[in-house]
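Enquirer: Got a structure for you, written out below as structure tokens; questions coming shortly.
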Amino acid sequence: MTRYFIILPFLLLFILPTTAQVYRDAIFPGGLDSMIQYVQSRVKVPDEAPLTEKGTFVTVEFTVTDKGKITQVRTPRGTTASPFLDALVEVVEGLPDFTPGVIHGKKSDVEYSLKGRFFVKKAADSVAPVRTFELEQPPRFPGGLEALADYLSANIRYPRDAIRNGVSGIVKVSFDVDTDGTPVNISVPGRQLGYGLEEEGIRVVSKMPGWVPGIQHNKKVKVHFNLPIRFRAPLPRP
């Protein structure tokens with residue numbers, strides 16, 4: 001099973017009132033399966049560049065605006081230009097409008113990325129290897145990392161016992177994102193901080209909205225995650 005370690009763009013947490021939250025990822029017309037079919041049927045594998053069975057991975061990032069439009073198509077910093085990258089960029093630039101994403105109950109711009117692998121494989125009905133492309137996507141919280149940080153900040157309840165005792169630290173929550181996007185097998189392995197912090201980490205992950213499932217070999221797959229949640233006890237009032 002593939003494993004991921006989530007690093008949030010900023011770490012939390014504050015004591016905030018708990019309110020009803022709505023988080024929904026930007027959605028390709030027809031959903032995830034339709035996006036897989038759309039992208040893979042349109043990517044043209046370059047003939048001139050060398051390929052191996054291990055393949056070449058490329059990633060293209062873009063923004064889905066609060067109107068569902070595709071903008072700011074780009075590559076990650078430090079990415080080397082290649083004809084494979086150009087092939088995926090061309091398809092991303094032609095994507096149809098998405099249903100806008102929702103963060104904290106409001107239509108919002110959502111950062112998105114598509115990752116895929118160009119490789120050669122042996123075809124059953126051919127002697128010559130076939131050059132091909134497959135999407136390989138990790139699961140994503142609806143709205144991306146920014147929405148995940150927002151969800152945690154809005155929904156964590158700092159245990160009163162931990163506040164009274166001034167307990168701070170990082171709780172590492174382990175879980176799987178199942179093929180339907182549900183967080184399952186939630187636990188906190190290893191050293192425990194106590195005072196209800198581990199239980200709160202498990203609770204907030206168990207209440208998460210469904211994730212967009214991971215994709216490997218054209219199929220939705222279960223993927224393991226480790227999510228570090230930093231609890232910082234408020235300073236006592238003078």
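The values are calculated or read from the model by the stated rules, or taken from the named source; none is laboratory data. Predicted, not measured: the structure shown is a model, and the values here were computed from it. All Cβ positions, glycine included, derive from the backbone under ideal geometry; neighbour counts span all protein chains shown. Ligands, DNA and RNA are stripped out before the accessible areas are found, and what is left, the full protein with its side chains, is counted by its heavy atoms. Shrake-Rupley method; radii C 1.70, N 1.55, O 1.52, S 1.80 Å.
Enquirer: Run the numbers on the chain and let me know its relative contact order in percent, using alpha-carbon pairs under 8 Å that are six or more apart.
Expert: Once divided by the residue count of the chain, the mean separation gives 27 percent.
Enquirer: For the chain, what is the calculated [θ] at 222 nm in deg cm²/dmol (nearest 500), taking -39500 (n - 2.57) for each run of four or more DSSP H residues and dividing by its residue count? Numbers along the way, then the final one.
Expert: Numbers: 5 runs with 48 residues, N = 238.
For the chain, the value works out to -6000 deg cm²/dmol.
Enquirer: Run the dipole for the chain about the Cα centre, Lys and Arg Cβ at +1, Asp and Glu Cβ at -1, nothing else charged, and hand back the magnitude in debye, nearest 20.
Expert: 740 debye
Enquirer: On to the next question. Sorted by mean Cβ packing within 10 Å, highest first, what order do the peptides 199-206, 159-166, 48-55, 35-42 take?
Expert: 199-206, 35-42, 159-166, 48-55
Enquirer: Where does each of Asp150, Asp33 land when they are ordered by accessible area, with a 1.4 Å probe and the largest first? Let's see the in-between values first.
Expert: Values: Asp150 50, Asp33 90 Å².
Ranking Asp150, Asp33 by accessible area, largest first, yields Asp33, Asp150.
Enquirer: Determine the alpha carbon to alpha carbon distance for each of Lys106/Lys219; Lys69/Lys107; Lys54/Lys115; Lys107/Lys172 and list only those over 19 Å.
Expert: Beyond 19 Å: Lys106/Lys219; Lys107/Lys172.
Enquirer: Another one. Rank Val221, Val130, Val73 by mean-square fluctuation in a GNM of the chain with C-alpha springs under 10 angstrom and give only the top-ranked residue.
Expert: Looking only at Val221, Val130, Val73, the biggest GNM fluctuation is shown by Val130.
Enquirer: Students often forget the sequence filter, so: which aspartates and glutamates lie under 15 Å Cα-Cα from Lys44 once same-chain residues fewer than 8 apart are removed?
Expert: Result set, ordered by chain and number: Asp86, Glu90, Glu93, Glu134.
Enquirer: Report, to the nearest 10°, how far helix 83-93 tilts away from the longest principal axis of the Cα atoms in the chain, using its own Cα long axis and a range of 0 to 90°.
Expert: Tilt of helix 83-93: around 70 degrees.
Enquirer: Let me ask something else. Roughly how many Å² of Thr59 are accessible to a 1.4 Å probe, to the nearest 10?
Expert: 40 Å²
Enquirer: Rg and Dmax in Å for region 18-99, alpha carbons only: what are they?
Expert: My reading of the Cα-based Rg and Dmax gives 15.4, 56 Å.
Enquirer: Same structure, new question: Give me the 1.4 Å probe accessible area per residue for region 32-160, excluding ligands and nucleic acids, in Å².
Expert: Per-residue value: 52 Å².
Enquirer: Using alpha carbons only, how many degrees (0 to 90, rounded to 10) separate the axis of helix 145-155 from the longest principal axis of the chain?
Expert: 20 degrees
Enquirer: Here's something else I'd like to know. Once the whole set of protein chains is in place, how much accessible area is left on Asp47, using a 1.4 Å probe, in Å² to the nearest 10?
Expert: 130 Å²
Enquirer: I'd like the accessible area for Arg24: 1.4 Å probe, protein heavy atoms, all chains in place, Å² to the nearest 10.
Expert: Roll a 1.4 Å probe over it and Arg24 shows about 90 Å².
Enquirer: Right, another one. What percentage of the solvent-accessible surface of region 50-136, computed with a 1.4 Å probe over protein heavy atoms, is contributed by carbon and sulfur atoms?
Expert: 50 percent
Enquirer: Separate question: To the nearest 10 degrees, how steep is helix 197-206 against the longest Cα principal axis of the chain, on a 0 to 90 scale?
Expert: 40 degrees
Enquirer: Counting only Cα atoms, I'd like the Rg/Rh figure for region 103-238, Kirkwood definition for Rh.
Expert: Computed over Cα atoms, the ratio is 1.14.
Enquirer: Picking from Pro129, Pro183, Pro100, which is most flexible by a Gaussian network model of the chain using Cα springs under 10 Å?
Expert: Pro129
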